[in-house]
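Report on the following structure.
The values are calculated or read from the model by the stated rules, or taken from the named source; none is laboratory data. This one's a predicted model, so the numbers in the text were calculated from it and none came from an experiment. Using ideal geometry, Cβ is built from the backbone for each residue, glycine included, and neighbour counts are taken over all protein chains shown.
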Amino acid sequence: MRKRRSDIIAGSPDFVSFIKRNWKKMDNNALAKKYGCGICSVRKQCYDLGLLRMKLEYWTEEQIEFLKNNYRIMGDTELAEIFNKTFKKKKTWTIKHIEKKRIYLKLKRTKKQLIEIEQRNLDQGRLNVHKKKGKSKFLTKGPAKQGEIRMYLGPNGQTITSKIRIGKQWLYWPRWAYKKYIGAIPKDHVIVLKDGDPYNTVPENLEAVTRGESTRRYAAKTSINLSDGYVAAQMAYGNPELRKEIKTNPDLIETYRTLMLLKRKIKLKKNEQQKPGRRAA
């Protein structure tokens, strides 16, 4: 039966003895449940006996003053680095420590200050530890310059698209270049490359076509050489699982490809034979 707070006399020999015997083996919740009392009674008794599970390290006036004087020009990452060198403690300083203290003290940065801090971090080669995806690209290629064009793999891991850095954004280069050098993009049109080469980044290589024409060209380009993926899709139309299985069998794909090419030749020959008849009619 749970004991009422009035039944527990602070500093009573029985309660003190129980706490001393078990506080290293159990947490406060377990102690309270075992003794049949409230957790607040356990906490108070542990505190009175000096039985601390961990010693908190509080901010000093010097640390708070340093934060107030520098948070406008330094980011949390840089501040954490300085705190680890200047104000050493058992637990290392992290970005979260700095951020939580700033929020508690209501130390907010303006948009202009954030931009200046970001530029300061870039100039000093400092990376935000939370942006893991951008880390490897930053280290291998460095920060992109305005107007720089880079190539990116598409979602399928095969097609390549060109993008240009404008401001803080990466824009699809063909659309951006068409608007800049040729004019407004017609309604329901998309921008394609005449030669299909994403590395040929000149305005003369751009062309505006309807979405239907773009789809037709893509289908023709895919089917003209009868790639493995195209052949497998024709063999297992509407069945993705079967298509995957077929793609693991190159001999089967090659046999069906030969059949498709033969059918294509027969169809072309038949069309050529029918042309004179249509003209005569």
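Go through the range 219-241 and report how many residues are under 15 Å from Lys263 (Cβ atoms), modelled with pLDDT under 80, among the aliphatic types (A, V, I, L, M) and in a helix (DSSP H, G or I). Walk me through how you get there before you give the answer.
Of the range 219-241, the ones under 15 Å from Lys263 (Cβ atoms) are 223-224, 226, 230-231, 234-235.
Still in the list and also modelled with pLDDT under 80: 223-224, 226, 230.
This time we only want the ones that are among the aliphatic types (A, V, I, L, M), so: 224, 226.
Next, only the ones that are in a helix (DSSP H, G or I) stay: 224.
Residues meeting the conditions: 1.
Do we have Gly167 as touching a strand residue (DSSP E or B) at 6+ places or on another chain (Cβ under 7 Å), at positive phi, at pLDDT 80 or above and of a type outside the set (Asp, Glu) here? First the steps, then the outcome.
Numbers: touching a strand residue (DSSP E or B) at 6+ places or on another chain (Cβ under 7 Å): no; at positive phi: yes; at pLDDT 80 or above: yes; of a type outside the set (Asp, Glu): yes.
It is false that Gly167 is touching a strand residue (DSSP E or B) at 6+ places or on another chain (Cβ under 7 Å), at positive phi, at pLDDT 80 or above and of a type outside the set (Asp, Glu).
Give me the pairs, please: first residue somewhere in the range 172-195 and free of Cβ contacts under 8 Å to residues at least 60 places away in the same chain, second residue anywhere and of a type in the set (Gly, Ala, Ser) and surrounded by fewer than 17 Cβ atoms within 10 Å (Cβ to Cβ), beta-carbon distance under 7 Å, and either six or more positions apart or on two chains.
Val190/Ser214; Val192/Ser214
Table: residues versus (1) modelled with pLDDT of 90 or more; (2) outside any helix (DSSP H, G or I); (3) not assigned by TED's automatic domain parsing to the domain that holds Gly167.
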site: Ile19; (1), (2), (3): no, no, yes
site: Met26; (1), (2), (3): no, yes, yes
site: Leu31; (1), (2), (3): no, no, yes
site: Lys89; (1), (2), (3): no, yes, yes
site: Lys100; (1), (2), (3): yes, no, yes
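Can you pull out every residue in the range 161-201 that is within 19 Å of Met151 (Cβ to Cβ) and charged (D, E, K, R)?
Lys163, Arg165, Arg175, Lys194, Asp195, Asp197
Before we move on, is Glu61 charged (D, E, K, R), touching a residue at least 40 places away in the same chain (Cβ under 8 Å) and at negative phi? So that I can check it myself, show each step before the final result.
Values: charged (D, E, K, R): yes; touching a residue at least 40 places away in the same chain (Cβ under 8 Å): no; at negative phi: yes.
So Glu61 fails the test.
Report the residue count in the range 30-50 for those that are in contact with a helix residue (DSSP H, G or I) (Cβ under 7 Å, 6 or more places away or on another chain) and within 24 Å of Lys91 (Cβ to Cβ).
Total meeting the criteria: 2.
Just to be sure I understand, how many residues within the range 67-78 are assigned to a helix (DSSP H, G or I) and either closer than 12 Å to Arg109 by Cβ or in contact with a strand residue (DSSP E or B) (Cβ under 8 Å, 6 or more places away or on another chain) (or both)? Show your work before the answer.
First, the residues of the range 67-78 that are assigned to a helix (DSSP H, G or I): 67-70, 76-78.
Checking which are either closer than 12 Å to Arg109 by Cβ or in contact with a strand residue (DSSP E or B) (Cβ under 8 Å, 6 or more places away or on another chain) (or both) leaves us with 70, 76.
Residues in the range 67-78 being assigned to a helix (DSSP H, G or I) and either closer than 12 Å to Arg109 by Cβ or in contact with a strand residue (DSSP E or B) (Cβ under 8 Å, 6 or more places away or on another chain) (or both): 2 in total.
Could you please find all residues in the range 29-67 being of a type in the set (Lys, Arg) and surrounded by fewer than 12 Cβ atoms within 10 Å (Cβ to Cβ)?
Step one: filter the range 29-67 for residues of a type in the set (Lys, Arg), giving 33-34, 43-44, 53, 55.
Listed by number, the residues that qualify are Arg53, Lys55.
If you go through the range 49-64 one residue at a time, do you hit one that is within 20 Å of Gln124 (Cβ to Cβ), among the hydroxyl-bearing types (Ser, Thr, Tyr) and modelled with pLDDT of 85 or more? Walk me through how you get there before you give the answer.
If we filter the range 49-64 for residues that are within 20 Å of Gln124 (Cβ to Cβ), which is where we start, we get none.
No; the residues of the range 49-64 include none that is within 20 Å of Gln124 (Cβ to Cβ), among the hydroxyl-bearing types (Ser, Thr, Tyr) and modelled with pLDDT of 85 or more.
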